[in-house]
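The values are calculated or read from the model by the stated rules, or taken from the named source; none is laboratory data. Computed from a predicted model, the values in this text were never measured in an experiment. Cβ placement follows ideal geometry from the backbone for every residue including glycine, while neighbour counts extend to all protein chains displayed.
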Amino acid sequence: MSDSLDLPISKIADDVRSGTLCAADLCRDSLARIAAGADLNAVLTASATSSTAAAELIDKRRSQGEGLGKLAGVPIAVKDALCTIDAPTTSASKILTRVDASGVAGSTPEHGWRPPYDATVVARLRAADAIIIGKTNMDEFAMGSSNENSAFGSVKNPWDPARIPGGSSGGSAVSVAARLAPGALGSDTGGSIRQPAALCGVVGVKPSYGRVSRFGLVAFASSLDQVGPMTPDVRSSARLLEVIAGHDPADSTSSRLPVGNYEAACDQDVSGLKLGMPAEYFADGIRDDVKACVLASIDRLKDAGASVVPVDMPHTRYGVGTYYVVATAEASANLARFDGVRFGLRVEAPKSDLEQMYQATRQAGFGPEVKRRIMLGTYVLSAGYYDAYYIKAQKVRTLIARDFDRAFEKVDALVTPVTPHAAFRFGARSTDPLAMYMEDVYTLPASLAGVCGISVPCGTVTPDDGDRPMPIGLQILAPAFEEERMFRLAAGAEATSSFLGSLPPSN
């Protein structure tokens, strides 16, 4: 296998357009790496036939003098919550599978639901001549922070296979960290791109709410979900976001604001930008070594010409509680469609009774964490509790958004940690839901406010219960639809760090 897949996305695409690289060779190399890295369990379904055919067609078009798109020949992995017409879509749940020939429900992702259409972001990747190389593993229905909730097994962190990769987009993060593909798409509802990106040492972007179409994304929480890129470097994420962003008539929540030149923003320096440091993100709970690493990254931005001032975000402490009321309420409504009638798994009840069939299907199809969140969401929406919980949570969500508004009146962006510590060992928090939910304490507020954010690798720390250095990330948050400013700062942070190009030791 060549090292061409390790190049930045822009370089790969330029070389395919010029004929220096062959799209078919890149595709074969990516498929070979996925097969060699099968122990990581990052890719649920490798699209060998369709990806090879697409790559060969790109080479043929180039040989005939046809112009190619911005992602010409670049293999891209996509989270299995995104619909693909040529590959199964399961959201890592048995309920989106069918009974196989042996009578077992949801035994493999190959028996997953096959959508009759592509998600808008997938269609835009194809239109830019990217190669959809496979579907990545994830926490079931994007509900989780460790990727331990997949119906098809946990994803392993390539920096230390005994540790979690983060979630819910853990498969996408690992695919990029282990260089199985030069880029991937994930989805971020409360930190599901940024948190695994930080824990796996890659760049992960949560666009502003409405910046990217949600059409064809299996819904978790509709007022929070966003699709975004994950790549080894900032500029590659900028190019990917340029391709997938923009208004979509099929998604009424997508914005009509024009898409910026995110790649060009990466060439601007950070001089003159004012950054805010919220004290609430550096308080009790963060490990000293993580805090020191993040502060060192912020100091390097200061040395590059940015200024840093303290800001107050007083409602940050309510972020976790607010999120787990709003998100579970929306999940309860969204997941009601999985009933065994229209698509996916169907388990016949002993009696031919519709309600019993619903119950049997959902009991067999949903995993424990999904059931927990459905029950919590149904409870907060129920009569007598709607005002006390759901309406109150929406009011607090507004207060959190106002915290960001006030902060952005004073500063251009916020700089914070992404996670309070590095990746933990499998099983360390799986029996304590509250401890697991606190993993997203620094990412949830931005999701509730709808602003854009990015995780940029800023160094490594060694956990107390291990001897391998593990990556962590710096989070940069910018006002809604100010992705250009976010990329400008992210590129500056990357340029001042020595992490760029670092590979997991197992590679």
message = For segment 226-272, give me each residue that is acidic (Asp, Glu) and closer than 23 Å to Ala127 by Cα.
response = Asp233, Glu242, Asp248, Asp251, Glu263
message = For segment 51-91, give me the residue count where each residue is in a helix (DSSP H, G or I) and of a type in the set (Asp, Glu).
response = 2
query = Within segment 250-300, can you find the residues that are at pLDDT below 95 and crowded, with 20+ Cβ neighbours inside 10 Å?
reply = none
inquiry  = I'm trying to understand the selection: among the residues of segment 1-50, which are free of Cβ contacts under 8 Å to residues at least 60 places away in the same chain and either within 13 Å of Ile132 (Cβ to Cβ) or under 23 Å from the mean Cα position of the chain (by Cα) (or both)?
reply    = Ala35, Ala38, Ala48, Thr49
task = Sort out which residues of segment 420-430 are farther than 21 Å from Ile286 by Cβ and over 21 Å from the mean Cα position of the chain (by Cα), and write them in order of number.
result = Gly427
query = Within segment 141-173, restricting attention to residues that are on the phi < 0 side of the Ramachandran plot and aliphatic (A, V, I, L, M), which residue is surrounded by the fewest Cβ atoms within 10 Å (Cβ to Cβ)?
reply = Ala162
inquiry  = Which pairs turn up if I take residues in segment 486-507 that are in contact (Cβ under 8 Å) with a residue 24 or more places away in the chain and closer than 25 Å to Cys452 by Cβ and look for partners that are aromatic (Phe, Trp, Tyr) and buried (at least 17 other Cβ atoms within 10 Å of the Cβ) with beta carbon separation below 7 Å, at least 6 apart in sequence or on another chain?
reply    = Phe487/Tyr262
ask   = Which of (1) in contact (Cβ under 8 Å) with a residue 60 or more places away in the chain; (2) under 20 Å from Val243 (Cβ atoms); (3) surrounded by fewer than 16 Cβ atoms within 10 Å (Cβ to Cβ) is the odd one out, the single condition Gly67 does not satisfy?
value = (1)
remark   = A careful count of residues in segment 369-415 that are farther than 23 Å from Asp139 by Cβ, assigned to a helix (DSSP H, G or I), in contact (Cβ under 8 Å) with a residue 24 or more places away in the chain and hydrophobic (A, V, I, L, M, F, W, C) gives 7
task = Report whether or not Pro207 is free of Cβ contacts under 8 Å to residues at least 60 places away in the same chain and buried (at least 24 other Cβ atoms within 10 Å of the Cβ).
result = no
task = Filter segment 336-357 down to the residues that are surrounded by fewer than 18 Cβ atoms within 10 Å (Cβ to Cβ) and not charged (D, E, K, R), then identify the one that is farthest from Leu434 (Cα to Cα).
result = Ser352
request  = Just name the residue that is nearest to the chain's Cα centre (by Cα) out of those in segment 431-446 that are in a loop (DSSP other than H, G, I, E, B) and either at pLDDT 90 or above or of a type in the set (Ser, Thr, Tyr) (or both).
outcome  = Thr443
inquiry  = Looking at the structure I just gave you, is Asp269 among the acidic types (Asp, Glu), in contact (Cβ under 8 Å) with a residue 12 or more places away in the chain and either more than 21 Å from Gly186 (Cα to Cα) or in a loop (DSSP other than H, G, I, E, B) (or both)?
reply    = yes
task = Scan segment 115-135 residue by residue and report those that are surrounded by fewer than 24 Cβ atoms within 10 Å (Cβ to Cβ) and charged (D, E, K, R).
result = Asp118, Arg124, Arg126
inquiry  = Quick test for you: out of Ala423, Ala413, Ala449, Ala478, pick the one residue that is in contact with a Leu (Cβ under 6 Å, 6 or more places away or on another chain), within 19 Å of Thr316 (Cβ to Cβ) and buried (at least 22 other Cβ atoms within 10 Å of the Cβ).
reply    = Ala413
request  = Quick one: in segment 365-393, of everything that is of a type in the set (A, V, I, L, M) and within 26 Å of the chain's Cα centre (by Cα), which residue is nearest to Ile95 (Cα to Cα)?
outcome  = Val370
message = I'm trying to understand the selection: among the residues of segment 240-258, which are within 21 Å of Gly204 (Cα to Cα) and in contact with a Ser or Thr (Cβ under 6 Å, 6 or more places away or on another chain)?
response = Ser254
ask   = Failed condition for Thr398, given (1) within 22 Å of the chain's Cα centre (by Cα); (2) of a type outside the set (D, E, K, R); (3) surrounded by fewer than 16 Cβ atoms within 10 Å (Cβ to Cβ), with all others met?
value = (1)
ask   = Does segment 301-309 include one or more residues that are modelled with pLDDT of 90 or more, assigned to a helix (DSSP H, G or I) and over 27 Å from the mean Cα position of the chain (by Cα)?
value = yes
request  = With respect to Ile95, determine if the residue is more than 20 Å from the chain's Cα centre (by Cα), surrounded by 15 or more Cβ atoms within 10 Å (Cβ to Cβ) and under 23 Å from Asp339 (Cα atoms).
outcome  = yes
task = Those residues that are among the small types (Gly, Ala, Ser) and either touching a Pro at 6+ places or on another chain (Cβ under 8 Å) or buried (at least 24 other Cβ atoms within 10 Å of the Cβ) (or both), I need them from segment 210-220; list them, please.
result = Ser213, Gly216
task = Go through (1) under 28 Å from Pro368 (Cβ atoms); (2) surrounded by fewer than 22 Cβ atoms within 10 Å (Cβ to Cβ); (3) modelled with pLDDT of 95 or more; (4) of a type in the set (A, V, I, L, M) one by one and return the number of the condition Met138 breaks.
result = (2)
query = Got a number for residues in segment 124-137 being part of a loop (DSSP other than H, G, I, E, B) and under 20 Å from Leu241 (Cβ atoms)?
reply = 3
inquiry  = So, in segment 1-50, how many residues would count as being at pLDDT 95 or above, crowded, with 17+ Cβ neighbours inside 10 Å, outside any helix (DSSP H, G or I) and of a type in the set (S, T, N, Q)?
reply    = 2
